[in-house]
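*Asks:* Let me give you the structure first, and then I'll get to my questions.
The values are calculated or read from the model by the stated rules, or taken from the named source; none is laboratory data. Bear in mind the structure is a predicted one, so any value in this text is a computation, not a measurement. In this analysis, Cβ positions are derived from the backbone assuming ideal geometry, glycine residues included, and neighbour counts consider all displayed protein chains.
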Amino acid sequence: MNIQGDLDMERILVIAPYQGLKDTFLDVSRELNKEIHVEVGDLYKGLSIAKSMEEKDFDVIISRGATARLLRKHCNLPVVEVKISGYDILRTLTLVKGYPGKIGLMSYLNTIQGADAIGTLLEMNLSFFPIHEEKEIESGIKKAVEQGVQVIIGDVISTSVATKLGLHAILITSGREAVLESISEAEHMAYYTKREKERRRQFEALINSYPEGIVAIDQDERVYAFNQKAAELFGIRADEAHGRRAGDLHDLLHPGTLYREGKPVEEVIVLNGEKVMLRKLPVYSDGRLTGGVAVLQPAADIQRAESRIRQLAAGQEYRAWMHFNHLVATSDAMKETIRLAKQYSKTDVPLIIYGEPGVGKQSIAQAIHNASSRRECPFVFINCEAYTEEQLEVEMLGCEGRGNRPGALELAHGGTLFIDAIGKMPLSIQAKLINIIQEKKVTRLNGTEAIPTDVRIFAAHNQDLKQGIEAGEFRKDLFHLINGGVLTIPPLRERKQDIAELVRWFIASYNSRSGKQIVGVREEVLATFMQFDWYGNVQELKNVVERMCTAASGPFIEREDVDAILNELSSQQSAQPKQGGLDISGKTLEELEREIILKVLEEEGYNQSQAARRLGINRSTLWRKVKEFLHD
């Protein structure tokens, strides 16, 4: 066996608390031409992954923050922590510099001290919330809220808790410098760990060769050797015994009986229904009692205990993640929209939410839900345009028989049902929805049982539903049932003051997912953004910012890096129909009306229902005017 050759090949496992850190480790490992295995898991999920991989011959684990500390407590392998460097703090603070609200930083004391010094250099007024244990985080966040903090900067767990409690949160992501340092430290640790593991393998091979069961216990009452025969007799794996208290394995292995008067003891015990001779011996080192050894000799062959099978029931979580503090509202138009939305959150009335595609109708609906009395109950989303009529009926009502499943109305019981593009809902389903709202009961397709359902309905559409009523495509009685209040979200072109702040948060979100450390966008790029009309609204802006973050080669989004994207945007904007482009010179009102109607008919492919809806008139009026034009 070439021990030195084996020692040259370190096996490193990385448990990354967030996806972006995984990507950074993979990038660095490719650059260094190293094989590093990376998994994503935060806290107990990360611990579960690490425990499941301990048998795969890794030498050392790298993780970050609270996850690293948790792994140190429960894993047998040594754990190297990715330290938050001054560069990481500097990049994060640079991203939020200039933010008008109050900023808080929550982390462990060593991180706080580094951020304090950097914050002073950047002339930033930061509020610090040092923590020593995870259980302090929630109370710390609540304290921050009481002090008027709007943004929390911190690690994965503190930013996760902050988000749940309605604050903006920015993760301090680890850059290449911290990752390189942790890999270097892990390699040094792995070298010595591999030497120790090799010695332990030889020791385990020795005791596993014994036909009797061997259990060695240290002076702290912990098991440190447990051979294969002992595993067979106890019916557990060796790794399940290592580190456990001996008395937890069997009462007669407790040190009080194991070391009685420092003399060997023999007893007959029953393990798994079979008699086993147990001989207990004290262990001395330099004349001092340092532990004991239990030797187990079976009276008969012992069947291995059945393995326990654990299954975790996996189900989809219907939950609203957005809070009012997550919504950007720099412009007066958006501030007024949010003010009205907050008023609606104090009631339980159904709402109609109007807005163009991409303005964030679902986001504001989630914020209302999370501020309402239904916040602890489900938030269920369904889009009427995403399904055929038959599919939508199943999604709304559920079905019995083959493919037995609950529908959206049933799943949303006690909470909120957000119905997007409700104007596209077929009349047949509208009729059933009316009955469900009135009766507060839903019956699944092919079912017979009426299931109680208490649901608050948020109905969203991109046009006034009254146009659908006039066109005969939307039921008037359903409109009155859902029209407890109306919110209209302005398009992004009417609230361009929000663009800079939206860009900031889109960059922060991208950083946490990608592992990049983008700190801002150059003013010339931002100025170009202000020239566009953003017909795809906030969603289009988000997509563009994320494309630019991908293209950026440095800490800032530079004009030269994203020139192609801006040119593409400019071309798309030029292809959009111009607002207010009608030539009215020298024309009468009748001529203008004729020109507008004929133009809309042409754009709608001569579909009279759609044209009438755009013009705000009913189909009979449109047909009458068209006949008049034909006779002119």
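*Asks:* Kindly provide the set of residues from segment 55-80 that are over 20 Å from Q517 (Cα atoms) and either polar (S, T, N, Q) or not assigned by TED's automatic domain parsing to the domain that holds I36 (or both), ordered by number.
*Replies:* T67, N76
*Asks:* Also, quick follow-up: Hey, among the residues in segment 94-118 that are part of a helix (DSSP H, G or I) and of a type in the set (S, T, N, Q), which one's modelled with the highest pLDDT?
*Replies:* The qualifying residue modelled with the highest pLDDT is T94.
*Asks:* Moving on to the next point. When the residues of segment 393-404 are filtered to those that are touching a residue at least 12 places away in the same chain (Cβ under 8 Å) and more than 25 Å from the chain's Cα centre (by Cα), which remaining residue is farthest from F458 (Cα to Cα)?
*Replies:* Per the criteria, the residue is G401.
*Asks:* Follow-up. Could you pull out every one of the strands (runs of 3 or more DSSP E) wholly within segment 235-301 that has 1 or more residues that are among the small types (G, A, S) and either at pLDDT 70 or above or in the same structural domain as I214 (by TED's automatic domain parsing) (or both)?
*Replies:* Of the strands (runs of 3 or more DSSP E) lying wholly inside segment 235-301, those with at least 1 residues that are among the small types (G, A, S) and either at pLDDT 70 or above or in the same structural domain as I214 (by TED's automatic domain parsing) (or both) span 274-285, 288-298.
*Asks:* Residues to consider are S107, S29; find the one that is in the same structural domain as D155 (by TED's automatic domain parsing), buried (at least 16 other Cβ atoms within 10 Å of the Cβ) and in contact (Cβ under 8 Å) with a residue 24 or more places away in the chain.
*Replies:* S107
*Asks:* Right, something else. Need the failing condition index for G5 against (1) more than 29 Å from the chain's Cα centre (by Cα); (2) at pLDDT 90 or above, just the number.
*Replies:* (2)
*Asks:* In addition: Looking at segment 333-371, which of the residues that are over 24 Å from the mean Cα position of the chain (by Cα), assigned to a helix (DSSP H, G or I) and free of Cβ contacts under 8 Å to residues at least 60 places away in the same chain is nearest to R456 (Cα to Cα)?
*Replies:* Ranking the candidates gives S345 first.
*Asks:* Any idea how many residues of segment 152-167 are crowded, with 24+ Cβ neighbours inside 10 Å and either in the same structural domain as G515 (by TED's automatic domain parsing) or not in a helix (DSSP H, G or I) (or both)?
*Replies:* The qualifying residues number 4.
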